[in-house]
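Read-outs throughout are calculated quantities, based only on the coordinates presented, and are distinct from any laboratory measurement. Keep in mind it's a predicted model, so treat the numbers as computed, not measured. With ideal geometry, Cβ positions are generated from the backbone for all residues, glycine too; neighbour counts draw on all protein chains shown.
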Amino acid sequence: MHNRTVFWMVGAIAVAFLCSSAFGVPNQYILEYSNELDNFIVVAHHSDFDAIDDGTDDTWTLEAWIHPRSHGRIYEKGSFSFYTRPTGALRFSNNIGGNATTADNAVSWNEWSHVAVVKGVGSNLLFYVNGVQFGPAIACPTVTPTTDTLILGNNQFSNRGFDGFIDEFRISNTARNPGTYITQSTTSAPLGADDNTIAYWNCDEGSGTTLYSQQGTGFATHDGIFGSVHGGFSPTYRLWNYPTEDLPLPAELTAFYAENGNGVIVLHWTTESETENSGFHIYRSLNRETGFERINGSIIPSAGNSEGPQNYTYEDQHVVNGIPYYYKISDEDINGYETMHNFLAVGIPGVDIGGMTVEEAILNGQLAQYRLDQNYPNPFNPSTTISFLVLEDGEVALNLYNIRGERVKVLISGEAYQSGHYSIPVNMSGLASGVYYYELTGDNGFRTVRKMLFVR
């Protein structure tokens, strides 16, 4: 018998139509991102982009239409980034610790919003959402121009990609006031290019691997190329004929949860209705936020069209007992377009927590928030790996001590870790052979110690 483990829902239940905002939304094509490392657009560096800095006399605007399923990057360059936070806040960062961040809930998941960060004369930034200034002016962090490429919709190297839809990227060398062109009665989303436009990508190509730019007189052409350096994935186009056509989701998902078995996790989900739905795909990760990869070989067939509830199951037999696995689910329509749902399920094979969620099991003392594994190999010379598990987001410290109780290495120093399974390589070169102890500490006074043997 399987034990029903967890039903976590991140964000709101997927709605029947993507357009749930009263504001105008993009027309023609839009770009869909799926929060994967390879989902990004690369734009070669050019001195035109050096306009984005913190000089008191410099003015600029970064803006786009977004329809996020969760947080992620909109613009990213070595010297700056503009993105949504997990709390719905907007942030402009210099990527070296200097940030300007709005209050939470600036944007909502699963709704179209026009977002902009604007720098006028002086040293402050203004953030706009749907043409309205959101919060007070915030000091602009120091921005030193670099020669890094510009990334649209991701951070190329740290997998902080956008999850959802983006359209109408525009960078300008003037402090625009979105309130003059983004209003409640907006009926056409295209932003367009004028003499102050450094680069404007309307995302209406519909196919191919090049995102063509428009720009004002005197600026270079800044075409973007779909990134594929880590495996060949890239954003995909979706057709959106606003305002005559809404974009229905192939399936309206109402439940998604996991059941634990011995060496197996069984996933269950229910749809309330389906429209031209070809089937489903399952994505899995060892981390709640990132690193999801598709695990089903072929598409999981669906009812196709249905006005009533449909129930489905999928068995993941490639799991290890005691390790938590995080799952997301997507559906694919008859045109091959894929939509990721805002549901997250987690299963821990071989663990019986009596139908409780992970949070409930931790509170009731049936699951520890952390787990420290035995290092491997052990004995070793001179390198080994220490693995540990974080079931709920928390702070982690990992230290290494000799037999006299003296700390000889700080492996992790009180850092915040998201739920997931982690492995830390350890090299003991320069230390004497013998017995050592490694200690993991965490929130709520958690502490556990294991022993390892270094043999030269």
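Taken over the range 74-137, the ratio of Cα radius of gyration to 2.2 N^0.38 Å equals 1.07. Taking a straight Cα-Cα cut-off under 17 Å and skipping sequence neighbours fewer than 8 places away in the same chain, the lysines within cross-link reach of Lys409 are Lys451.
Compute the relative contact order of the range 28-240 as a whole-number percentage, counting only Cα pairs closer than 8 Å that sit 6 or more residues apart in sequence.
Relative contact order comes out at 32 percent.
Only lysines eight or more places from Lys119 in sequence, or on another chain, were considered; those with a Cα closer than 29 Å are Lys77. Working note: Cα gyration tensor of the range 28-240, eigenvalues times five, square-rooted, sorted largest first, giving semi-axes of 22, 19, 18 Å.
Counting every C-alpha pair in the range 370-454, the share spaced more than 16 angstrom apart comes to 48%. By other beta-carbon atoms within 10 Å, ranking Trp201, Trp109 with the fewest at the front produces Trp109, Trp201. For the range 370-454, the relative contact order is 35 percent, taking Cα pairs closer than 8 Å that sit 6 or more residues apart in sequence and dividing their mean separation by the residue count. How much net charge surrounds Pro190 when only other residues with a Cβ under 13 Å from its Cβ are counted (Lys, Arg +1; Asp, Glu -1)? Net charge around Pro190: -4. Modelled this way, with points 7 Å down the Cα-to-C-beta line, the labels at Ile225 and Glu415 are 3.2 nm from one another.
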